[in-house]
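Remarks on the structure that follows.
The values are calculated or read from the model by the stated rules, or taken from the named source; none is laboratory data. Note that the structure is a prediction, hence the values are computed from the model and not measured. Neighbour counts are summed over all protein chains in view; Cβ atoms, including those assigned to glycine, are modelled from backbone coordinates with ideal geometry. Keep in mind that these areas ignore ligands, DNA and RNA; they rest on the heavy atoms of the full protein, side chains included. Shrake-Rupley method; radii C 1.70, N 1.55, O 1.52, S 1.80 Å.
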Amino acid sequence: MQITGLEAWPVTLVLTEPYTIAYETVTKVTNVFLRLETNGVHVGYGCAAPDLEITGETADGVAAFLDDVVRPILLGQDPLRTAALLELLRPHLRTHRSGVAAADMALHDLLGQVAGLPLWRLLGGFRDRIATSVTIGILPEAETLERAEDWVHQGFHCLKIKGGLEVESDIARLTSLRSRFGSRIELRFDANQGYTLEQALRFVEGTRGVGVTILEQPTPRDQPELLAKVTRAIPLPVMADESIMGLLDAFALARDGLADMVNVKLMKVGGIAEAIQVNAVARSAGLEVMVGCMDESELAISAGLQFALARPNVHYADLDGHLSLSNDPARGTLTLDHGTLFATDMPGLGLRHGLER
């Protein structure tokens, strides 16, 4: 089998509910879809969700990378030689993380289709479902409670609350949520790099009775020593997110004890193959892993899910980036029921129909 064609195209996806985090307000995003054609019956699909702040990419840049760089590397190649092809793309990881991730997804999608197996089974099949958190952006206290009511009513049992702009407001929102819902829900908190060391410690002290289970990326990623100080000073598990962009970051976090957990996002690390290696480093150091996401089509979310289901060290999922996308062309790729994501028996990434420009 040979790869005979590659097509990449951007799609602007509108959020039905814009949200605010510590450094921006998001109303719409652009994903770049990728189709790999072969000289057989199989077609593989991938998706990039570039974010200038996080991955350093734009949608136009990703589309150009896929057309100008990935196309000549992959055309004429055997798509089942996944490791060999991804090694050729690896030098581009630092500058085109989500672009490489899209190519990785499409190759893995083809692999699963040829095998006639869903990717989660092909990669190991450790579990067939995983609960996901759902995210609430930075909102006034009353609106936070209102959004939480909606999600809990839909069956979600874990809420991830965004903050990092004003610590006392963050404490008040978490306290009110626990008062409203009691022990029915799990509460995680993501400061998105917004805190100083003092603010992080104040947040932990102020929410001592709330039962927050994870404090995610409290301090700026370019100050790893601050993340280490928070990790060593508090009893609450600290998760690195923006601080882990790939394999070398995973090694540094593990070697220096900078965090207790890591949030692995395919768009940051460059796809499923890289995520598996990052997870192995984390597991060797005793660090638990959460698989996270950007604002991504269900196609990309499915890739994260396949990885999460295949690996025993992935204990947590935050795969909700597709829920507010009003015009997702890959809708229906996932099965979500009362806050739990289930694997399907569709081959590859589970896409139920082809995608066209």
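Please compute the length gained on full extension between residue 172 and residue 83, using 0.36 nm multiplied by the number of residues separating them and subtracting their Cα-Cα distance.
Once the chain is fully extended between residue 172 and residue 83, it gains 27.2 nm.
To one decimal place, what Kirkwood hydrodynamic radius in Å is obtained for segment 190-230 from all pairs of distinct Cα atoms?
Computed over segment 190-230, the radius equals 10.3 Å.
For segment 94-197, build the charge dipole from Cβ charges (+1 Lys, Arg; -1 Asp, Glu) around the Cα centre, then report which of 138, 103, 164 sits farthest towards its positive end.
103
So what's the gap between the Cα centers of segment 119-142 and segment 3-21, to the nearest angstrom?
20
For residue 117, enumerate residues with amide H under 5 Å from its amide H, sequence gap 5+ or separate chain, H modeled in the peptide plane.
Excluding prolines and chain starts, which carry no amide H, the hits are 348.
Count neighbours as other Cβ atoms within 10 Å of each site's Cβ, and list the GluC sites (Glu not before Pro) in segment 282-357 that are DSSP loop with at most 16 such neighbours.
356
Over segment 256-314, with the other protein chains present, what is the accessible area per residue in square angstrom, probe 1.4 angstrom?
For segment 256-314, the solvent-accessible area averages 20 Å² per residue.
Please label the shape of segment 106-245 as rounded, prolate or oblate, based on the square roots a ≥ b ≥ c of the eigenvalues of the alpha-carbon gyration tensor (a/c under 1.5 means rounded; beyond that, a/b larger than b/c means prolate, else oblate).
Note, shape of segment 106-245 comes out oblate.
Considering only protein heavy atoms, what per residue accessible area in square angstrom results for segment 114-237 with a 1.4 angstrom probe?
Spelled out: the 1.4 Å probe surface of segment 114-237, per residue, equals 44 Å².
Computing the accessible area with a 1.4 Å probe over protein heavy atoms, can you report the carbon and sulfur percentage for the chain?
Result for the chain: 51 percent of the exposed heavy-atom area is carbon or sulfur.
With a ≥ b ≥ c taken as the square roots of the eigenvalues of the C-alpha gyration tensor of segment 61-169, please select rounded if a/c is under 1.5 and otherwise prolate if a/b is larger than b/c or oblate if it is not?
Oblate, since a/c reaches 1.5 and b/c is not below a/b.
Tell me, how many Å apart are the Cα centres for segment 164-194 and for segment 50-64?
31
Skip the ligands, DNA and RNA, and give the accessible area per residue of segment 1-82 with a 1.4 Å probe, whole Å².
43
Amide H neighbours of residue 214 under 5 Å, counting only residues 5+ apart in sequence or on other chains, H built in-plane at 1.01 Å?
Residues meeting the criterion, in which the H sits 1.01 Å from N, are 189.
Counting only DSSP beta bridges with both residues in the chain, tell me the antiparallel percent, nearest 5.
Restricted to the chain, the bridges split so that about 50 percent are antiparallel.
From the C-alpha gyration tensor of segment 227-321, pull out the three semi-axes of the equivalent ellipsoid (sqrt of 5λ each), sorted largest to smallest, in whole Å.
Values for segment 227-321, descending: 22, 13, 11 Å.
For residue 315, what residues show an amide H to amide H distance below 5 Å, using hydrogens built from the backbone and excluding near sequence neighbours?
Amide H to amide H, under 5 Å and 5 or more residues apart or across chains, residue 315 pairs with 289.
To the nearest 10 square angstrom, how much accessible area does residue 197 have with a 1.4 angstrom probe?
Solvent-accessible area, nearest 10 Å²: 30 Å².
What do you get when you divide the Cα radius of gyration of the chain by 2.2 N^0.38 Å, with N the number of residues?
So the chain has a normalised radius of gyration of 0.96.
Just to confirm my numbers, what's the Cα centroid distance between segment 226-262 and segment 301-337 in Å?
24
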